[in-house]
Amino acid sequence: MDGIHDLGGKQGFGKVRFTHNAGAFHAAWEKRVNSLYALAVRSGLFNMDEYRHAIERMEPRHYLNASYYERSLTSLATLCVEKGVVTREELERRAGGAFPLASASAPGRTNVATRETFKPGDRVRVRSDYVPGHVRMPGYIRGKTGVVVSESPKYPFPDAHAHSIEAEDEPTYDVRFTTTELWPDSADTALVHVGVFQSYLERVR
Amino acid sequence: MDDARNVVPGIASVEQRVDAIQGALEAHGLDVSKGVAELTHLAEEQWVPRNGARVVAKAWTDPAFRKRLLANGRDAVTELGLSMPKHHRHLVVLENTPTLQNVICCTLCSCTAFTIIGLPPDWYKDLEYRSRVVRQSRTVLKEMGTELPPEVEIRVWDTTADTRYMVLPVQPPETIGWPEEKLAGIVTRDGMIGVARL
């Protein structure tokens with residue numbers, strides 16, 4: 001989905017609020033959320049692609065206002081309600097107030113049937129696919145051309161794995177793009193490497 | 001901002017919401033107190049930058065290990081007693097040189113090799129870093145205190161799959177010959193993310 005989470009290359013954000021050796025946590029509840037979500041994954045309540053997708057489905061205004069661990073909390077609660085662990089009413093009764101959850105999911109998809117195998121040095125284009133469900137193709141590479149640098153082990157296909165759809169595992173290709181290709185005349189000069197699932201790529205002939 | 005009172009009327013505080021989901025998981029039959037204690041211990045004591053610092057120091061002092069690390073990071077870190085979650089099937093170690101700076105990020109969420117380089121710092125997960133570092137890498141690094149000479153090429157690595165990355169910084173020349181333990185002491189998480197040079 002072309003959601004608010006897809007931040008790469010978006011303009012208008014200010015300076016990074018950077019401090020040296022900054023902490024991962026700033027409050028006790030943040031550690032608790034991190035542990036609860038990890039416990040839920042370990043217990044088999046949901047997988048990491050479902051977890052990421054439930055964060056992406058947060059209402060954009062809520063997403064932008066929430067801290068990282070509040071996003072994590074919202075995903076955890078959303079999936080627990082969707083999987084029947086608890087009802088939303090019960091959660092709100094326990095919380096003593098409103099408990100915003102993520103919006104409903106749109107359909108996922110299985111692997112692209114015509115996907116190809118690539119090798120280092122191959123020129124590839126990212127397919128111009130618009131996927132309503134979970135997808136791990138950042139919008140800034142859609143339709144863009146790059147060069148394959150290497151291949152990863154096979155992973156569950158996220159577009160299917162987040163939606164309990166059957167699919168074959170597939171590799172990702174490390175694809176190197178130039179910032180000139182990604183944002184012509186509008187970026188610092190650099191190379192950007194992205195791990196791109198096989199189904200997202202087509203050969204440049 | 002720790003919660004979203006300004007966007008959801010009547011929202012429960014974030015602590016109350018955490019209590020609510022914790023209670024619901026307990027009621028579902030999960031051994032929450034044991035699980036949270038174990039995972040919090042891992043987050044505080046085990047998933048720390050010290051792990052990656054040991055990997056870097058070993059790579060600086062042992063050329064054969066460095067070669068193995070660059071060929072297959074996931075296997076190489078196990079030699080030091082470190083491990084990665086099952087779903088992180090690949091660790092790619094990115095070697096900096098005097099003319100190359102690698103930087104890692106995750107524009108879609110906030111993925112990292114957290115068992116190796118430590119859980120990510122707050123700014124790594126913020127909107128500013130995620131939106132800007134792929135497009136304005138040199139500017140962002142400069143703002144963060146690392147001004148790179150123009151001859152240094154920048155490569156940004158966006159963690160969009162479950163492959164994980166860590167940066168192998170250049171060893172500062174004045175530390176050549178130091179023992180591994182002392183070298184590990186100068187390696188920072190920011191250096192392994194690639195936003196700082198050592």
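Summary table
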| read-out | value |
| --- | --- |
| Residue in segment A:16-26 that is of a type in the set (Lys, Arg), outside any helix (DSSP H, G or I) and over 22 Å from residue B:21 (Cα atoms) present | yes |
| Residue match in segment B:125-137 (condition: charged (D, E, K, R) and touching a Leu at 6+ places or on another chain (Cβ under 6 Å)) | yes |
| Candidates A:135, A:192, A:175, filtered to the one that is of a type in the set (A, V, I, L, M, F, W, C), out of contact with any strand residue (DSSP E or B) (no Cβ under 7 Å at 6 or more places or on another chain) and either at the interface with chain B (Cβ under 9 Å from one of its Cβ atoms) or under 16 Å from residue B:163 (Cα atoms) (or both) | A:135 |
| Residues that are within 8 Å of chain B (Cβ to nearest Cβ) and charged (D, E, K, R), drawn from segment A:2-54 | A:6, A:10, A:15, A:17, A:31, A:32, A:42, A:52 |
| Residue in segment B:140-155 that is out of contact with any Cys (no Cβ under 7 Å at 6 or more places or on another chain), at the interface with chain A (Cβ under 9 Å from one of its Cβ atoms) and under 18 Å from residue B:184 (Cα atoms) present | no |
| Condition met for residue A:186 (facing chain B (nearest Cβ under 9 Å) and in a strand (DSSP E or B)) | no |
| Filtered residues of segment A:77-132 (kept if among the acidic types (Asp, Glu), surrounded by 13 or more Cβ atoms within 10 Å (Cβ to Cβ) and away from chain B (no Cβ under 14 Å)) | A:122, A:129 |
| First in segment B:3-32 and under 16 Å from residue A:93 (Cβ atoms), second anywhere and of a type in the set (D, E, K, R) and at pLDDT below 95, Cβ under 7 Å, 6 or more apart | B:11/B:3; B:11/B:5; B:13/B:3 |
| Within segment B:82-183, helices (runs of 4 or more DSSP H) holding 2 or more residues that are within 17 Å of the chain's Cα centre (by Cα) and not polar (S, T, N, Q) | B:114-117, B:122-125, B:127-132 |
| Residue match in segment A:127-140 (condition: in contact (Cβ under 8 Å) with a residue 12 or more places away in the chain and over 22 Å from the mean Cα position of the chain (by Cα)) | no |
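The values are calculated or read from the model by the stated rules, or taken from the named source; none is laboratory data. Since the model is a prediction, treat every value here as computed from it, not as a measurement. Positions of Cβ are backbone-derived with ideal geometry, glycine not excepted, and every protein chain shown enters the neighbour counts.
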